1. On the given criteria, is THR201 under 25 Å from GLU51 (Cβ atoms) and either part of a strand (DSSP E or B) or β-branched (Val, Ile, Thr) (or both)?
2. Tell me, which residue of region 86-121 that is in contact with a Pro (Cβ under 7 Å, 6 or more places away or on another chain) and without any contact (Cβ under 8 Å) to a residue 40 or more places away in the chain is nearest to GLY60 (Cα to Cα)?
3. Any idea how many residues of region 139-179 are crowded, with 20+ Cβ neighbours inside 10 Å, charged (D, E, K, R) and under 18 Å from ARG40 (Cα atoms)?
4. Please go through region 144-195 and pick out each residue that is within 19 Å of THR34 (Cα to Cα) and aromatic (Phe, Trp, Tyr).
5. Among the residues in region 62-73, are any in a loop (DSSP other than H, G, I, E, B) and either modelled with pLDDT under 95 or among the aliphatic types (A, V, I, L, M) (or both)?
6. The conditions are (1) hydrophobic (A, V, I, L, M, F, W, C); (2) assigned to a helix (DSSP H, G or I); (3) buried (at least 17 other Cβ atoms within 10 Å of the Cβ), and ALA96 fails exactly one of them. Which is it?
7. Name the residue that is surrounded by the fewest Cβ atoms within 10 Å (Cβ to Cβ), counting only residues in region 67-85 that are over 23 Å from LYS155 (Cα atoms) and touching a residue at least 60 places away in the same chain (Cβ under 8 Å).
Amino acid sequence: MMELKRVLFFFNPIKWKGCWFMTANSAHHQERSTILYLVRHAESPYEEGRERTRGLSRQGLADALAVKDRLLGEGIDLYISSPYERAVRTIRDAAAFAGKEIIIEEDLREREIGQIGRLSFQEAKQKVYGDAAFAFPGGESSLEARHRAAQVVRKLLNEHAGKRIVIGTHCDIMTLMLGEFDPRFDYAFWESTSMPDIYKTEWEGEALRQVTRMWKE
């Protein structure tokens, strides 16, 4: 009965709100898998023209402390972040507590959506996820943004194999970079995430083996 239960669970589809899924070979992951902790930034009040520099709200600052607490005991080796202040600030408390420097990766910046005309933000997102090659004027296509972010992921996996790495990131670029390695990360996943959010991802080489949602709203 235990084996049957395990097999049924093993082949369950992704459960975004259920916190995690396993890929087909997860049961065989090695002890020294590389672990990437993808941390979506905490709440940040929107300010026109301050995409790179706007910080966190009062609630966001409180949640950044909670992010630090969630990462305690994980044995983090490196802290990497998007250059945007809200992403950096969300992991700063955790990095400071661990005595680690935050390394900035420009290609982890959020996707620029561009000029969406009369569409709502949600409608615009559905369009760029529905057609990966499409880009609004002044914006990036899903293919373009995914490519640059995935290059950073591959670099980390190859240069820091077996390490545990926190990445301060954004909802869109996080979804796209995961989608490079598993197409089930799509608009539905993007829509399901919270601010902040934490996903523990386990890798063998460049193969994504397991994803666990660590943040509980």
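1. Values: under 25 Å from GLU51 (Cβ atoms): no; either part of a strand (DSSP E or B) or β-branched (Val, Ile, Thr) (or both): yes.
No.
2. Taking the candidates together, the pick is ILE104.
3. Adding up the residues that qualify gives 2.
4. PHE181
5. Here is the first cut: in region 62-73, the ones in a loop (DSSP other than H, G, I, E, B) are 72-73.
If we keep only those that are either modelled with pLDDT under 95 or among the aliphatic types (A, V, I, L, M) (or both) too, we end up with 72-73.
The answer is yes, given that some residue of region 62-73 is in a loop (DSSP other than H, G, I, E, B) and either modelled with pLDDT under 95 or among the aliphatic types (A, V, I, L, M) (or both).
6. Exception for ALA96: condition (3).
7. Restricting attention to region 67-85, the residues satisfying the condition of being over 23 Å from LYS155 (Cα atoms) are 67-70, 72-73.
Narrowing further to those that are touching a residue at least 60 places away in the same chain (Cβ under 8 Å): 67, 70.
Numbers: VAL67: 26, ARG70: 18.
Across region 67-85, the extreme among qualifying residues is ARG70.
Residues are listed down the side, and each one gets a yes or a no for (1) touching a residue at least 40 places away in the same chain (Cβ under 8 Å); (2) in contact with a Pro (Cβ under 9 Å, 6 or more places away or on another chain); (3) within 18 Å of TYR84 (Cβ to Cβ); (4) among the β-branched types (Val, Ile, Thr):
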site	(1), (2), (3), (4)
GLU123	no, no, no, no
TYR129	yes, no, no, no
MET174	yes, no, yes, no
PHE181	no, no, no, no
GLU202	yes, no, no, no
ARG213	yes, no, no, no
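The values are calculated or read from the model by the stated rules, or taken from the named source; none is laboratory data. On a predicted model such as this, the values are computed, not experimentally measured, just so you know. Neighbour counts run over all protein chains shown; Cβ positions are idealised from the backbone, glycine included.
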